Amino acid sequence: MKTTTIILTFLGFSTLSFAQIPVDTMPHNKNVLLEEYTGVTCTACPQGHIEINNLIATYPNKVFAAGLHSASVGHTTPYGNDENLARTFPDLLRPKIFNLFGIPGGIINRRMNNGGVEFFIFNPYSTYHSKIDSAINTNINEASPFNIGIVANYDTVNKILYINSQTYTTINKSSTYKLHVFITQSNILVSQLDGSTVIPNYNQKHVFREIITPTWGATLYPTGTTKGDIFNSTVTYSNSAKNYKMQDVEVLVFITDNSVTTNSKGQIVQVMGAHVNMMGTTAGINENANSNQISIYPNPSSNQFFVHLTNPSLNNEVIICDINGKVVLRKQVSNENNFSVNHELAPGVYFLSVKNNPGVVKKLVVQ
């Protein structure tokens, strides 16, 4: 068994540890990600929303959705002073999709289904309704090579979202797998066209907000997997600019197999979603301006590291905390400039402080 840890800092500073992620080690079938192209001035899009919500209710914890508002597809111009829900990523995904000919519609796990049709009309009254059900059932009855566990914590003071995922490999397979992280949001109230009627304060759900990983994923396994492998990843998102309501946000983590695609976007082989935990200041501990008073080496480290204190003192104590502010290790030191610390901490990011130097915090990476 091999354990790999990657810390991907795209829009913020990562501070998660990996001790309590709920990943299952028993083999499971695939879940489904519906990426639906939709719009606020689309006459039939509310019917597509109904279809999506019905599918999520029919297949709880098996079907997840991201509503893509694409300027290139159209129907995204907001009414009045409403927020513009369009994002760049849907425009990038669109050219890689086969048979994109109308909305509301989208793709299921980014794969060909039903005789080579990839793009579906998500409308319960269309002839594609039975094909959608068939495609979903095909996916959820196939074994997945991965299980995914997610913990998402939001620091309400510093406005940083910390997304920690752990992937467990259930099979041996030669392929290239990539990791993707979306955030979506529900309970967005804007005006929506429904037929010929504009509905004010319409509740938009599962709206795609941001992709936190690179556009086409971060490489998880470049050449293949070994059963029992564990892959830890941490990504962060700074919410200071957009100020999304994180209590309405869902994090979607999914994996693509990039050996089974003709359009270089990969086929989704597993997806999992998690809602965000609202945390206080302990979720956003950061190094501060005085962190140079503490030196840690080597950093990253494994089961031992050394500490140098610029200002040692009598009856001192070194304290190490995880992302939730929980103390995971203490070491008594007395008037020592240099000392070693042995530990059995799980891979991840921690924070070291010294009792007699209040406010001085140093980041520690364990690998």
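Coordinate-derived values only; no laboratory data. Given the structure is predicted, the values throughout are model-derived calculations rather than measurements. Neighbour counts are summed over all protein chains in view; Cβ atoms, including those assigned to glycine, are modelled from backbone coordinates with ideal geometry.
Can you give the local net charge around residue 214? Use residues other than it whose beta-carbon is closer than 13 angstrom to its beta-carbon, Lys and Arg +1, Asp and Glu -1. Display every interim value, and only then the final one.
On the way: positive: 178, 265; negative: 210.
Result for the neighbourhood of residue 214: +1.
Which order do the peptides 268-276, 234-242 come out in when sorted by mean C-beta neighbours inside 10 angstrom, highest first?
Values: 268-276: 22.0, 234-242: 18.2.
Output ranking for 268-276, 234-242: 268-276, 234-242.
Residue by residue through the range 136-143, which ³J(HN,Hα) values in whole Hz follow from phi under the Karplus form 6.51 cos²θ - 1.76 cosθ + 1.60 (θ = phi - 60°), with glycine and proline marked x?
4, 5, 4, 5, 6, 9, 9, 5
What residues have an amide H closer than 5 Å to that of residue 202, excluding those fewer than 5 places away on the same chain, when H is modeled at 1.01 Å from N in the peptide plane?
Placed amide hydrogens put 190, 191, 192 under 5 Å from residue 202.
Residue by residue, what Karplus-based ³J(HN,Hα) values in Hz, rounded to whole numbers, does the range 214-219 have, using 6.51, -1.76 and 1.60 with θ = phi - 60° and x for Gly and Pro?
Those phi angles translate into x, 3, 10, x, 9, 5 Hz.
Fully extended, how many nm does the chain gain between residue 84 and residue 334 (0.36 nm per residue separation, minus their Cα-Cα distance)? Don't skip to the end; give the middle numbers.
Values: separation 250, 0.36 × 250 = 90.00 nm, distance 5.83 nm.
The residue 84-residue 334 span can extend by a further 84.2 nm.
Per-residue counts of other Cβ atoms within 10 Å, averaged by peptide: what ranking do you get for 220-226, 179-185, highest first? Before the final figure, lay out the partial values.
Numbers: 220-226: 16.3, 179-185: 23.0.
Ranking the peptides 220-226, 179-185 by packing returns 179-185, 220-226.
Please rank 35, 83, fewest neighbouring Cβ atoms within 10 Å first, as an exposure proxy. Please report the intermediate quantities before stating the final value.
On the way: 35 23, 83 13.
Least to most surrounded, the residues fall as 83, 35.
So for 211, 171, 188, fewest C-beta neighbours within 10 Å to most, what's the order? It would help to have the intermediate numbers written out before the result.
Numbers: 211 22, 171 14, 188 19.
With the fewest neighbours first, 211, 171, 188 line up as 171, 188, 211.
Using Cα positions and a limit of under 23 Å, work out the lysines in reach of residue 355, with same-chain residues fewer than 8 apart set aside.
Answer for residue 355, where 23 Å is the Cα cut-off: 326, 331, 363, listed by chain and number.
At 222 nm, what value in deg cm²/dmol follows for the chain if DSSP H runs of at least 4 each add -39500 (n - 2.57) and the sum is divided by all its residues, to the nearest 500? Mind showing how you got there, number by number?
Details: 3 runs with 32 residues, N = 367.
Rounded to the nearest 500, it is -2500 deg cm²/dmol.
If you split all Cα-Cα distances of the range 3-277 into 10 Å bins from zero, what percentages do you get per bin, shortest first?
Whole-percent P(r) values from 0 Å outward: 7, 30, 37, 21, 5, 0.
Hey, what does the equivalent ellipsoid look like for the range 171-212, semi-axes from the Cα gyration tensor as sqrt of 5 times each eigenvalue, largest first, whole Å?
Numbers: eigenvalues 275, 28, 11 Å².
Sorted largest first and rounded, they come to 37, 12, 7 Å.
Which far-off residues, 5 or more places away or on another chain, put their amide H under 5 Å from the one on residue 250, with H placed in the peptide plane?
184, 185, 186
Count the net charge of all other residues whose Cβ sits under 15 Å from the Cβ of residue 200, scoring Lys and Arg as +1 and Asp and Glu as -1. Write down the numbers at each step before the final one.
Working: positive: none; negative: 82, 83, 194.
In short, -3.
Sort by residue number and name the cysteines in the chain that have no neighbouring cysteine Cβ under 4.7 Å.
When partners are defined as cysteine Cβ atoms under 4.7 Å apart, the chain leaves 321 without one.
How much net charge surrounds residue 246 when only the other residues with a Cβ under 15 Å from the Cβ of residue 246 are counted, with Lys and Arg +1 and Asp and Glu -1?
Combined, the nearby Lys, Arg, Asp and Glu give 0.
Non-local amide H neighbours of residue 68 (under 5 Å, H modeled in plane, Pro and chain starts lacking H): which ones?
Those lying under 5 Å, H to H, from residue 68 are 36, 37, 38, 208.
Given a cut-off of 18 Å, name the pairs among 159/242; 245/362; 205/245 whose C-alpha atoms lie farther apart than that in the structure shown. Show your work: numbers first, answer last.
Details: 159/242 10 Å; 245/362 30 Å; 205/245 13 Å.
Beyond 18 Å between Cα atoms: 245/362.
Taking the number of other C-beta atoms within 10 Å as the exposure measure, put 265, 245 in order starting with the fewest. Intermediate results must be reported in sequence, preceding the final value.
Values: 265 20, 245 12.
Listing 265, 245 from fewest to most nearby Cβ atoms yields 245, 265.
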